[in-house]
Amino acid sequence: MTETNEPTGNPSADAPKAPLVLERARSSRSSCKACKKPIQKDKFRLGVLIEGPFGPGYLWHHLSCAARRRFDDVVQAYDEAPKLFDPELPPLNELKQNLEVEEKKKAKKKEAPYVERAKTGRSKCRVCDQLIAEGDWRVIVLRNVEFYNQTRSGPINVHPRCVRAALDAPDSATPKEGFVQAMRDNSGLADADLANALAAIGALS
Ligand SMILES: [Zn+2]
Ligand SMILES: [Zn+2]
């Protein structure tokens, strides 16, 4: 009768459970299914109802992690939680924008060709087989690799001075045409830095 326990903590058997719950964490005891870190009390969390070995229970996620892993569920939870008028709840479009920014950053990292300062002195140039010194320009271009009878393109590191040879190689997967523009688009460098890197690369033909 006077039960005041968290309804999501240890539910009474007959209590109907919403498939999705969006709420502020009532304690710091839950941890996020996505990133495995604890969800601090009062942080927003998304619960996804599952049928566990001991009955139904919620898999909790930080709201930001849920947006990353199961955005559709977050959308649904927002739809179904009109009662959660919390001024601090980030609007859905803000969550989405954050995701897009993250995705762009990720995509940018993967998209070759690009140039960056070598973060360590351990990477080797695949053209001349010499190390690329820490802090020096390192250019990432694509090269075709045979993989179980399939040809795929994968990134390789090269010195700026070795770029021309890399692009001239028969297995190069980075076209010379549009190379400078691609470097500009993908590297995310200030104009002066990019100009410096391009000067180190030199003419391509
Ligand atoms: Zn998380
Ligand atoms: Zn080299």
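Coordinate-derived values only; no laboratory data. As the structure is a computational prediction, the values presented were derived from the model and not from experiment. Neighbour counts run over all protein chains shown; Cβ positions are idealised from the backbone, glycine included.
If I stretch the segment between L194 and V101 completely, what's the gain in nm (0.36 nm per residue apart, minus their alpha carbon distance), one decimal? Between L194 and V101, full extension yields 31.2 nm more. Separation between the S31 and R161 pseudo-spin-labels, each 7 Å from Cα along Cα→Cβ, expressed in nm? So the label points at S31 and R161 sit 5.1 nm apart.
Can you give the calculated 222 nm mean residue ellipticity of the chain, where each DSSP H run of n ≥ 4 adds -39,500 (n - 2.57) and the sum is split over every residue, rounded to the nearest 500 deg cm²/dmol?
The per-residue figure over the chain is -9000 deg cm²/dmol.
On a 0 to 90° scale, report how tilted helix 191-201 is relative to the longest principal axis of the chain, with both axes built from alpha carbons and the result rounded to the nearest 10. It is inclined by approximately 50 degrees. Given their separation in residues at 0.36 nm each and the Cα-Cα distance between them, T120 and Q181 gain 19.3 nm when the chain is fully extended. Other residues lying with their Cβ under 9 Å from the Cβ of V158 contribute a combined charge of +3, Lys and Arg counting +1, Asp and Glu -1.
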